[in-house]
Amino acid sequence: MTTLVSRVQDGLTRSTAGRSSGAKGHGVLAGVTVLYLLWSLLPVLVAVLFSFNDSRSRTSWAGFSTRWYYGDLERSVWFDDSLHAALIHTLRLGVIATLITVPLGVALALGLDRWRGRLPAGANVTVLLAFVLPETLLAVALLFMVTTLVTPLQLGLSGQVAGLVTFQLSYPVILVRSRLLTIGSHYEEAAIDLGASPLAAVRRVLLPMLGPAILASTVLVFADVIDNFVIVRYLSGDASTEPTSVKIYNSARAAPTPALNALASLMLLASLLAVLVGYAIYRFLTRGERGGSRGIDAFTGEV
Amino acid sequence: MAETRPGQPVRLLWPLLALPGMVWMALLFVMPLYVVLAIVFGGIDPVFRSPLPAWLPWEWDFTQFNFVLSRILGEGGYFGPAMLRTAVYVVVASSACVLIAYPVAYYTARYAGRYKGLLLTLLIAPFWISYMMRMLAWVNLLQDDGLVNQALSIGGLFPGDIDWLNGRASTVVLGLVYGYVPYMILPLFAGLDRIPAATLEAARDLGASRLEAFRRVTLPLSRPAIVAGVLLTSLPMLGDYFTNDLLSGSPGTSTAGNLINNSVTTPGQTGQAGAFVLLVLLVALAPMLLYVRTTRDSSGVQS
């Protein structure tokens, strides 16, 4: 008995000793991680910083100013109509595409998860393929379709929204299905046994339980849509339907002013706000659950 | 009493829920890809230089496709080098992504301790920063008088007048790595985080050295995550033209994505653009199917 206890204690001390020496040995790994984060985030922070520069330069600092946001009466984001319009158009695309993608995707996820057969299996593969198809290929294909076939879709808002929904649809499907996997089918079966109609079981039992996954996909789709470049560029009709990402692409190499950085910084702010607010609500909705499934990684569907 | 068990009405509900999404994917994902085929294997209007799609497979004409193929494979084929370059860039950039991402993901999953949440948030942050913003940041830094050259010239060690942004393959690969490495880190983290610590402790208790435990336990167990990460980074790189345009803009570094983008925007070359799209799609198809298989198996999401 004592030998067993001492052996267990021995093992424990050995493994904790191993771990602490490991922690020292992993200074290299920690260093790589910190360096990576600096490399990954500092360039963007510098770009944001220079949006507040008090001169035309994007390379030498001349003091703090908000002239590129609204001070400059011609070239600031607020007063330059083309930048202003790009910002509005981007947010409009974000709202419309998200409002279509999420309900369509949630319904598709529910249907594909519970409906058995060849057809839904094929649809599931199609959704996953759309997730990994190089975006340029889908954008060209959509452009070809919009320009050669007579459809209700036009280059511009309608074409862009259609393309964005197609590209983003897999997101809610994947997030909702992984949530459905953990929920199982007992709850709605119980509701049906208790006399609920199948539709009522979905609406009053499943949908509330899917709340966090639906919220997460709403935020992710919105943040992704307002950052989209490839699809919205090919499907934009003219300069009036070019969103911010296309404005950045068009002028990044053509001696732009820090107003371009200001425009990009505003988009960054919009994405971060959407994600932060979404994550706060997500934490609130999942407050009864255990820690592991409500981290930022679960929120973004990484686990 | 059909309602007391999951009978007929339930079975009808799921197809009804899935239907809108399936119709959407058929019309806006499958159909556009077919339009690409019809245009590639169609003709060109001799007067307007617009494409004349051939909708029926038995009317397909392989002239345009063969023309592009001969320009890639044939002697003096000027598309050949760009195709080869694409392969080299994608392989080098993806390998660099693995080398950077693995230690970062490993450290975050295993040793980050109470900083795990913070680290994950910072690792996910690039997803909420638009790709164009991230490239703009590097365009700013790599200007002739940009911060990188300024830093290099401190102390007069280096000349500090390096022309980073004109046709340098190394800059393009750097941009690709910077752009896509977050897509590698997250699946790797998820894969490594799922390996129970007890597995490694068992290996160590059985006498494996730390290196051996890593090589014979961690590495094999993380292989699916590596595969997923490589696919998620290399597939979008295949169609990427914008990184190249912003960081080089020279024909000396152009890749398959540039060939697609240049011919899409040139009248009369629609068929050629379609042929490039088809070729990239054929190359991407096997990796795409591999991704679909691994995700369906690992998450258990299947019909």
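Bear in mind these aren't lab numbers, they're just calculated from the coordinates by the rules spelled out. Predicted model, so just to flag it, every value in this text is computed and none were measured. Cβ: placed from backbone, ideal geometry, glycine included. Neighbour counts: every protein chain shown.
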* R0 of 30 Å, Cβ-Cβ distance A:Ser185-B:Val30: FRET efficiency to nearest 0.05 -> 0.50
* Expressed as cubic angstrom per residue, what is the convex hull volume of the alpha carbon set of the protein assembly as shown? -> 202
* **Helix-derived mean residue ellipticity, 222 nm - over chain A, DSSP H n ≥ 4, -39500 (n - 2.57), to 500** => -23500 deg cm²/dmol
* **region A:132-178: radius of gyration and largest Cα-Cα distance (Dmax), Å** => 12.2, 38
* Structure fact -> Share of Cα-Cα pairs in region B:1-129 beyond 18 Å, whole percent, is 78
* Asked: When the scattering of region A:178-300 is computed by the Debye formula from its Cα atoms alone, each counted once and equally, what is log10 I(q)/I(0) at q = 0.12, 0.14, 0.15, 0.19 Å⁻¹?
  -> -0.65, -0.76, -0.81, -1.02
* At each listed q (0.17 Å⁻¹), what is the log10 of I(q)/I(0) that the Debye formula gives for chain A modelled as equal alpha-carbon point scatterers? -> -1.36
* Go through region B:15-68 and name the chymotrypsin sites (Phe, Trp or Tyr not before Pro) that are in a DSSP coil and have 15 or fewer other Cβ atoms within 10 Å of their Cβ. => B:Phe48, B:Trp55, B:Trp60, B:Phe62
* Roughly how crowded by other chains is peptide A:116-125, in terms of the mean Cβ count from those chains within 10 Å of each of its Cβ atoms? -> 4
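Can you give the mean number of other chain Cβ atoms that lie within 10 Å of the Cβ atoms in peptide B:138-148?
On the way: counts 5, 8, 12, 6, 2, 3, 1, 4, 4, 8, 2.
Whole-number average of other-chain Cβ neighbours for B:138-148 is 5.
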* Which of the chymotrypsin sites (Phe, Trp or Tyr not before Pro) found in region B:68-101 are loop residues per DSSP with 14 or fewer other Cβ atoms within 10 Å of their Cβ? -> B:Tyr78
* Taking the Cα atoms of region B:84-257, what is the range of coordinates along each of the three principal axes, in descending order and whole Å? -> 56, 40, 29
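If packing is taken as the mean number of other Cβ atoms within 10 Å per residue, what is the order of A:246-252, B:129-135, highest first? Present the calculation step by step, with values, prior to reporting the outcome.
Details: A:246-252: 21.3, B:129-135: 25.1.
Those peptides, ordered most packed to least, come out B:129-135, A:246-252.
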* Structure fact -> Cα-based Rg then Dmax for region B:70-149, in Å, read 19.0, 60
* Structure fact -> Here the membrane-span-like helices of chain A, with no claim about any membrane, defined by DSSP H, Cα axial extent at least 24 Å and mean Kyte-Doolittle at least 0.0, are A:27-50, A:81-114, A:207-227, A:258-285
* Structure fact -> Listed residues A:Leu175, A:Leu149, A:Leu138; largest mean-square fluctuation, Gaussian network over chain A with Cα springs below 10 Å, found at A:Leu149
* Structure fact -> note: chain B, Cα-Cα separations exceeding 33 Å make up a percent value of 45
